[in-house]
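Structure, as structure tokens:
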Amino acid sequence: MKALNKQTAPKAQRPERIIQFGEGNFLRAFIDWIIYNMNEKTDFNSSVVVVQPIDKGMVDMLNAQDDLYHVNLQGLDKGETVNSLTMIDVISRALNPYTQNNEFMKLAEQPEMRFVISNTTEAGIAFDPSCKLTDAPASSYPGKLTQLLYHRFKTFNGDKSKGLIIFPCELIFLNGHKLKETIYQYIELWQLGDEFKTWFEEACGVYATLVDRIVPGFPRKDIAAIKEKLQYDDNLVVQAEIFHLWVIEAPQEIAKEFPADKAGLNVLFVPSEAPYHERKVTLLNGPHTVLSPVAYLSGVNIVRDACQHPVIGQYINKVMFDELMETLNLPKDELKKFAEDVLERFNNPFVDHAVTSIMLNSFPKYETRDLPGLKTYLQRKGELPKGLVLGLAAIITYYKGGVREDGAEITPNDAPEIMQLLKDLWATGDTQKVTEGVLAATSIWGEDLNNIPGLTAAVKADLDSIQEKGMLKTVKGIL
């Protein structure tokens, strides 16, 4: 078996046009895979310089393989099982700015640099007032980026054609708006002047994006077989699902410069990412949140098995297609296609997604992912959505704890005050008190849900049915 490096594997030389903050599994399986496809299928012809955002990271491992690695895509594509391996060759080099600060700052001096892409975790886009312009480098990601932009501004004497296009991929709604705001805070703190501020405003663009691809990461259990198949000793293989979606809130001229759609990729340039964010939260996270307790209390442990179950599968379809889809404002055919893709992802034969892993903090999740849909459905249809109501009753039942019919332990996990509230309510043995108490918890919902017409009676009826007949018979009753 060969070592993986540019002596043993072909690696194209391309102009360095992209700075990427972050070297983790997600960026390598999503962004770098997208750039690989753009290089292969369009005249994009660009390579990536990776910058490690924190002082401990993986750039040494990357550089040891000359920044080559494989992406292993697994899943269902239009019903067909796919399990592919692709060598990604787009990273030219990887830098640690904590030990190579000069090389890091020199990236600003390269005239052909055009894009900055980041995924520094949700906590990465934060303002740290202790950062100084003279730090080598600033500790925060926005601080480092501001240092780089300011150096570029000075190097090219404020030339407007040398601005950068910035795509943050952190999982926060309107991540671009947050990043831009933080850069303004540094401009202010470091007194970088109006000229630089104007250059940043007019020459650079910071665009909000929404990313979507499940990336399990390094395939520990399959790695020996994968290396055998590749005949390369690749220690940076990254596994991901086939589905990918990148929504970028930016004008069409940016799409011309970043022609991902021309490479046949699911990358959308749109005027607003909000409806896409709402679609993902509603049609992917929403069903996840309610199917998990319903499935678990019916004796089903894995998301895929829940989808394929004769009763729970119907329940999932009801919640997605008949209830939640009815509450969204994008074109129906687009929503249907997205929902079908979601089901294909839930059915991924390579991912054993335990329903219990989704149930951590179920109440706050229901509040953001399902409650808005429940209210909109009631408003539009004049009745409560039975599947979403049952989902709430299932969460309340799950939080009672105890054991399942097959003897499996039920161990809910949430904020201590929520756990205590449920324990006290269930100790009364009265489902009316349990229902009213949970729905009245303004600390969870921000309001008293007993005020939603019919909800208290509907949740209590479901709780009673689950106690008397069990979960599966209760589900059958609403189908």
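Structure notes:
- Verdict on PRO287 being at pLDDT 95 or above, more than 22 Å from LEU479 (Cβ to Cβ) and either more than 17 Å from the chain's Cα centre (by Cα) or not assigned by TED's automatic domain parsing to the domain that holds TYR36 (or both): no
- Scope the range 181-221; condition touching a residue at least 40 places away in the same chain (Cβ under 8 Å) and closer than 24 Å to GLY75 by Cα; matching residues: LEU210, VAL211, ASP212, ARG213, ILE214, VAL215, PRO216, GLY217, PHE218, PRO219
- Residues of the range 412-448 satisfying the condition of being touching a residue at least 24 places away in the same chain (Cβ under 8 Å), among the aliphatic types (A, V, I, L, M) and surrounded by fewer than 17 Cβ atoms within 10 Å (Cβ to Cβ): ALA415
- The set of residues in the range 191-224 being surrounded by fewer than 16 Cβ atoms within 10 Å (Cβ to Cβ) and modelled with pLDDT under 95 consists of GLY217, PHE218, ARG220, LYS221.
- Going through (1) modelled with pLDDT under 95; (2) more than 22 Å from THR397 (Cα to Cα) one by one, VAL355 falls short only on (2).
- Restricting THR120, THR146 to those that are surrounded by 15 or more Cβ atoms within 10 Å (Cβ to Cβ), assigned to a helix (DSSP H, G or I), polar (S, T, N, Q) and in the same structural domain as TYR186 (by TED's automatic domain parsing) reduces the list to THR146.
Rundown of residues vs (1) out of contact with any Phe, Trp or Tyr (no Cβ under 6 Å at 6 or more places or on another chain); (2) part of a helix (DSSP H, G or I); (3) under 28 Å from THR146 (Cβ atoms), yes/no style:
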| residue | (1), (2), (3) |
| --- | --- |
| GLN7 | yes, no, no |
| ARG14 | yes, no, yes |
| ILE34 | yes, yes, yes |
| VAL48 | yes, no, yes |
| ASP55 | no, no, yes |
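- If you go through the range 23-41 and keep only what is under 12 Å from VAL267 (Cβ atoms) and in contact (Cβ under 8 Å) with a residue 60 or more places away in the chain, you end up with PHE30, ILE31, TRP33, ILE34, ASN37, MET38.
- The residue list ASP60, ASP32, ASP77, ASP67 contains one member that is outside the structural domain of LYS337 (by TED's automatic domain parsing), surrounded by fewer than 16 Cβ atoms within 10 Å (Cβ to Cβ) and closer than 25 Å to SER139 by Cα, which is ASP60.
- Just one residue in the set VAL389, VAL434 is among the aliphatic types (A, V, I, L, M) and over 33 Å from the mean Cα position of the chain (by Cα); that residue is VAL434.
The values are calculated or read from the model by the stated rules, or taken from the named source; none is laboratory data. Bear in mind the structure is a predicted one, so any value in this text is a computation, not a measurement. Cβ coordinates were reconstructed from backbone atoms using ideal geometry, including for glycine residues, and neighbour counts include every protein chain displayed.
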